[in-house]
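Chemist: One structure is given below, represented as structure tokens, and several questions about it will come after.
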Amino acid sequence: MRRLAPLAALLLLAGCGLQPLYGGGGHGVAARSLSDIEVGPIAGRAGWLLRTALEDRLGAAGKGTARYRLEVELDDQVTGIGIRPDDAVTRERRTLRARYRLRDIETGTLLVDATAGSDVGIDVVTSEYATIAAEQTALENLSSEVADQIVTRIALHNRQVGVAGAK
């Protein structure tokens, strides 16, 4: 009986209609449609980090045959949230928000207009170097997380509208 339980669970899961987003790996619909996207320039250090993360995930860096263009505007803020009685900041929150638009290059049609973002808390310590290093690490991690959100949202959109990336 115990051996049949996993088999029954697999049969139930197969009947629910769920399909893997990245089915087919690098040759699947999602990978092909994402590789047709070029990422426009994004200002600042946060922009460079996010653009690099997006290009890594899209697999389109230097491809030169894009059908779509991803335009991103960033809002990167560091805010003091922990204040001691002597007005010294003991904790910061770094927030990275991105408004992104996916456009068809040929027609200029807006396909996706959405936002993504995340934030993280940072301890402010007596060493200024350690605090700056923590802020930079937080920015790197936030850029990666926001890139994941953007790529996932675009892949879902492409799947819903049937963009296959076929030429």
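Computed from the coordinates by the stated procedures, all read-outs in this text should not be read as laboratory data. Being a predicted model, the structure only gives us computed values, none of them experimental. Note that we place each Cβ from the backbone using ideal geometry, even for glycine, and neighbour counts take in every protein chain shown.
Chemist: Can you compute the equivalent ellipsoid semi-axes for segment 22-161, i.e. the square root of 5 times each eigenvalue of the Cα gyration tensor, sorted largest first and rounded to whole Å?
Modeler: Each semi-axis is the square root of five times an eigenvalue, giving 35, 14, 13 Å.
Chemist: How long is the gain from Ala43 to Glu71 if the chain were fully straight, where each residue apart is worth 0.36 nm and the alpha carbon distance is subtracted? Each step should come with its number before you reach the end.
Modeler: Details: separation 28, 0.36 × 28 = 10.08 nm, distance 1.12 nm.
Contour length minus the Cα-Cα distance gives 9.0 nm.
Chemist: Here's something else I'd like to know. Taking amide H atoms as placed 1.01 Å from N in the peptide plane, list the residues 5 or more away in sequence, or in a different chain, whose amide H sits under 5 Å from that of Ile42.
Modeler: When sequence neighbours closer than 5 places are left aside, there are no close amide H contacts.
Chemist: Then there is this: Subtract the Cα-Cα distance of Arg97 and Asp56 from 0.36 nm times their separation in residues, and report this length gain in nm to one decimal. Each step should come with its number before you reach the end.
Modeler: Values: separation 41, 0.36 × 41 = 14.76 nm, distance 1.93 nm.
Value of the extension gain: 12.8 nm.
Chemist: Right, something else. Can you find, among Leu111, Ala130, Leu142, the residue farthest towards the positive end of the dipole of segment 94-167? Put +1 on the C-beta of Lys and Arg, -1 on that of Asp and Glu.
Modeler: Toward the positive end, the furthest listed residue is Leu111.
Chemist: Check Ile105: other-chain or 5+ apart residues with amide H under 5 Å from its amide H, H built from backbone geometry?
Modeler: The list, which skips near neighbours in sequence, is Tyr68, Arg69.
Chemist: Starting from the amide H of Arg91, placed 1.01 Å from N in the peptide plane, find each other amide H under 5 Å away whose residue is 5 or more places distant or on another chain.
Modeler: Excluding prolines and chain starts, which carry no amide H, the hits are Ile81, Gly82, Val124.
Chemist: Give me the dipole magnitude in Debye, nearest 20, for segment 22-161 about the Cα centre, with unit charges on the beta carbon: positive for Lys and Arg, negative for Asp and Glu.
Modeler: 560
Chemist: Quick one: in segment 119-159, what % of C-alpha pairs are over 16 Å apart?
Modeler: 49
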